[in-house]
Amino acid sequence: MKKIFLLGLVCLLTAMPALAEDHSHHHPTSLQGEKPTGKSLYWLGGQWKTHQNQKLELKSLKGKPVVLAMLYTSCKAVCPLILEDVKAIEKGLASADRAKTQFVIVSFDPERDTPSVLADYAQKHGIRASNWKFLHGTSKHVSELGALLGVRFQPNAQGDFIHSNQITLLNVEGEVAYQRPDLKEPLTIILEKLKANLPVSHPHQH
Amino acid sequence: MFRQVNRLVFQAVLIGGLGLLLQAAQAPVEMVKVPAGVFTPQFSPRPGQKDFQVKSFWLDARPVNRAEFLEFVRKYPQWRRSQVPPLFQEGNYLADWQGDLSLPLPSQEVKQPELQAVTGVSWMAARAYCDAQKKRLPKLLEWEYAADETDPEKLSWYSLVGIGIPVQAGVAAPNQKGIYDLHHMYEWVDDFNQVIMTNDSREGAEKDNQLFCGNSGSATDRMNYAAFTRYAFWSSLHPSYTLKNLGFRCARDL
């Protein structure tokens, strides 16, 4: 366990310069140091890491809409369905619009779902695109995110979680634009909301 | 020589006395060691399981008061009333304060407003406060376990909590575990949002049904209306809510 952590740390440190670079070509509307809007989720701090072991601040997602779901990878029953639905949302977009959207999966099982476990999970589900991020956070920040989104997850005695199955759409500012409450609601609804929230102007035109 | 010793003693007494005075003014909240035990909560967080083993933990003997919260916002400006974004507070955060760093004025009924339990604090702010004290919010199970008593206090809680007047923390008699004010207002718990599991979103008619209509059979003690009310209350909250009759206290692992 410790070894994995150290390995993660090393990867993280080596990934730092790349991250710093990433910040320089930020979307022009998200000026450095600009405060998030009042109800933006990007007020939420925390040390997040992607499945590619890169450090991430939630506010770096600003500028593009986000399709966000929470799950845990050892879940056999419902979670694969959540992921399939997020993939279906992506497929419902024109390819130009896919690039304008970010897909974020947050694990509420940070103990087991380390970045490398998340990487395996992404690969297993055939996800390679760079606009997909599987996030690992501290349990403190994961529970804050869950509480703010109204996503419930409770460990049971068998090592599984009882959990709710929302898929949340964040607008370009990081505010909740829509929430699909369960797996029953037709995907067309959240898909239409997503299309309405795609950035209109091209990033380079300013 | 003798004189010098005398002066030293005098100085020592002076410093000691000052220290005592300072301590009296801002005595840190005492924590009570809640012993381990088995507890049957009103609503089981795990289907099929009735009894839960609660590990021993430390719990603040009384709710956090306004003076303590003022100290916190002095130190952490991001939690001052004018600074907290709507994501973390719905709009009535510390609404009864005079300003960012000024407490409510004393009144006829409340001579020392600084000693009253702080209310109008969101879950996010309460968590941040406990975090800053190197503590945490108690878990729901821990809170209910600490408050569980087979005494008439339960009913007095039921009548007091609706009034919405913050209590002077730590004045009324403690319960059998030595903890004060558990039955005088609502308090945040860390996992308030996990009360009732549904597969639905947080605005669920189903959730309310579970609590109030068809599902009262799942409640373990149908006569414990106070706990019933608390669970219903917790399940209705959002982490940004700030209410007049909702305060908090912190806990810590052993």
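Using a 1.4 Å probe over protein heavy atoms, the accessible area lost on pairing A with B, summed over both chains, comes to approximately 2300 Å². Couplings 3J(HN,Hα) for segment A:36-49, derived from phi with the Karplus relation 6.51 cos²θ - 1.76 cosθ + 1.60 (θ = phi - 60°), are x, 5, x, 9, 5, 5, 6, 6, 6, x, x, 9, 9, 10 Hz, where x marks Gly and Pro. What the phi angles of segment A:60-68 give under the Karplus curve with 6.51, -1.76 and 1.60, with θ = phi - 60°, is a coupling list of 6, 7, 4, x, 10, x, 10, 9, 10 Hz, glycine and proline written as x. Shown in residue order for segment A:184-191 are the 3J(HN,Hα) couplings computed by the Karplus curve 6.51 cos²θ - 1.76 cosθ + 1.60 at θ = phi - 60°: 7, 5, x, 5, 4, 5, 5, 5 Hz (x for Gly and Pro). Summarising the amide proton neighbourhood of A:Val106: residues at separation of 5 or more, or on other chains, whose placed amide H is nearer than 5 Å comprise A:Ala69, A:Met70, A:Leu71, A:Leu135.
The contact residues of segment A:117-149, meaning those that lose at least 20 Å² of 1.4 Å-probe accessible area when all protein chains sit together rather than their chain alone, are A:Lys140, A:Ser143, A:Glu144, A:Ala147, A:Leu148. For B:Gly247, the residues whose amide H sits under 5 Å from its own are B:Tyr186, B:Glu187, B:Trp188, ignoring neighbours fewer than 5 places away on the same chain, with H placed 1.01 Å from N.
Residues whose amide H falls under 5 Å from that of A:Trp48, counting only those 5 or more places apart or on a different chain, are A:Leu56, with hydrogens built in the peptide plane. In angstrom, the C-alpha Rg and Dmax of segment A:41-197 are 14.3, 45. Across segment A:87-146, the convex hull enclosing all Cα atoms gives 88 Å³ per residue.
The values are calculated or read from the model by the stated rules, or taken from the named source; none is laboratory data. Worth saying up front: this structure is predicted, and the values here are computed from it rather than measured. What goes into the accessible areas is simple: the full protein's heavy atoms, side chains included, and nothing from ligands, DNA or RNA. Shrake-Rupley method; radii C 1.70, N 1.55, O 1.52, S 1.80 Å.
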